[in-house]
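Novice: My questions all concern the structure below.
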Amino acid sequence: MKNWKAVLLLGACLIFSGFASNSAFAQSPNASVYVVHGIPGHDVNEALDPALPVDVQVDGSICLVSGLKFGDIAGPFTIPANTTTGYSLVVSLANTLTPCGNSGSPVLRVSGVTFEAGENASVVAYLTDGSGPALKKFDNKLNTTLDPIKNGESRLIVQHTANAPAVDITVSEDQFTVGDHKIVHPLATLHDVTNGEQATADFSSGSLWNWPQTQVTLTPAGAKSPVIGPYYFQLVPHTAYLIYAVGSLSTESFTLITKAIPGI
């Protein structure tokens with residue numbers, strides 16, 4: 001345990017973060033990890049900064065990231081695989097003078113977080129559906145050795161980490177416009193995705209003149225009117241799109257945080 005911590009601390013000297021960044025993870029003995037801040041400060045307490053800057057510490061000694069704000073995605077960080085005891089993760093209010101210096105009074109703490117070799121994961125601080133903030137690891141399903149993306153396809157990974165009921169996630173393509181109305185063609189609907197769950201799907205990538213565009217909408221399960229979206233983007237082959245639904249539906253802070261990962 002001491003040996004890998006020494007390596008990590010050496011990496012910190014080189015890149016000013018707790019772990020070295022590395023996108024070539026598929027054949028690595030390590031895991032590649034993103035840290036996502038999905039908690040608006042005002043949804044916790046009206047007196048807090050809406051950005052709610054936080055520090056994230058690993059195993060009580062490694063300051064993985066400091067000053068992370070609502071809507072930020074940090075990483076990827078390279079973390080040695082650990083499938084036995086796992087890691088302890090602590091999220092505390094940001095300390096600008098001593099990063100991770102408030103870890104004795106954590107906002108969130110979770111132990112036994114395991115990472116497999118070659119895994120690509122997200123650690124998300126988010127609002128649960130009515131029971132307060134939480135911290136959870138998601139497997140992003142991007143270890144292409146185990147689950148490859150076919151030629152000409154892209155992958156969407158949507159993680160429901162918002163204080164909101166179950167949603168249906170619809171992915172569509174723009175077809176053409178009639179007057180002021182866009183005609184869209186639904187590609188797939190992922191039904192009844194609840195808080196703390198994720199949904200993954202692969203789609204063919206259209207690239208002719210940057211068209212057709214793809215759109216994602218989130219709708220209360222079984223309903224027709226979206227609560228968020230459409231979110232537009234152009235699918236690029238062998239690219240993964242991480243989409244995090246965060247915030248709270250009741251306070252209108254419900255929004256999407258997105259990250260494109262090329263070369264998958």
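The values are calculated or read from the model by the stated rules, or taken from the named source; none is laboratory data. Given the structure is predicted, the values throughout are model-derived calculations rather than measurements. Glycine also receives a Cβ, built like all others from the backbone with ideal geometry; neighbour counts cover every protein chain displayed.
Novice: If only one of Val184, Val167 is modelled with pLDDT under 85 and in contact with a Ser or Thr (Cβ under 7 Å, 6 or more places away or on another chain), which one is it?
Specialist: Exactly one of Val184, Val167 is modelled with pLDDT under 85 and in contact with a Ser or Thr (Cβ under 7 Å, 6 or more places away or on another chain), namely Val184.
Novice: Just to be sure, is Ile157 in contact with a strand residue (DSSP E or B) (Cβ under 6 Å, 6 or more places away or on another chain) and modelled with pLDDT of 90 or more?
Specialist: Here the answer is yes, as Ile157 does meet what is asked.
Novice: Within region 60-70, which residues are surrounded by 18 or more Cβ atoms within 10 Å (Cβ to Cβ) and within 20 Å of Phe138 (Cα to Cα)?
Specialist: Leu64, Val65, Leu68, Phe70, listed by residue number.
Novice: Regarding region 82-103, can at least one residue be identified that is part of a loop (DSSP other than H, G, I, E, B), loosely packed, with under 15 Cβ neighbours inside 10 Å and free of Cβ contacts under 8 Å to residues at least 12 places away in the same chain?
Specialist: Yes: region 82-103 contains one or more residues that are part of a loop (DSSP other than H, G, I, E, B), loosely packed, with under 15 Cβ neighbours inside 10 Å and free of Cβ contacts under 8 Å to residues at least 12 places away in the same chain.
Novice: Does any residue in region 104-120 that is assigned by TED's automatic domain parsing to the domain that holds Val44 come within less than 9 Å, Cβ to Cβ, of a residue that is part of a loop (DSSP other than H, G, I, E, B) and among the aromatic types (Phe, Trp, Tyr) six or more places away or on a different chain, and which pairs are these?
Specialist: Gly118/Phe25; Glu119/Phe25; Asn120/Phe25
Novice: Scan (1) assigned by TED's automatic domain parsing to the domain that holds Gly71; (2) surrounded by fewer than 16 Cβ atoms within 10 Å (Cβ to Cβ); (3) within 28 Å of Gly229 (Cβ to Cβ) for the single condition Ala166 breaks and write down its number.
Specialist: (1)
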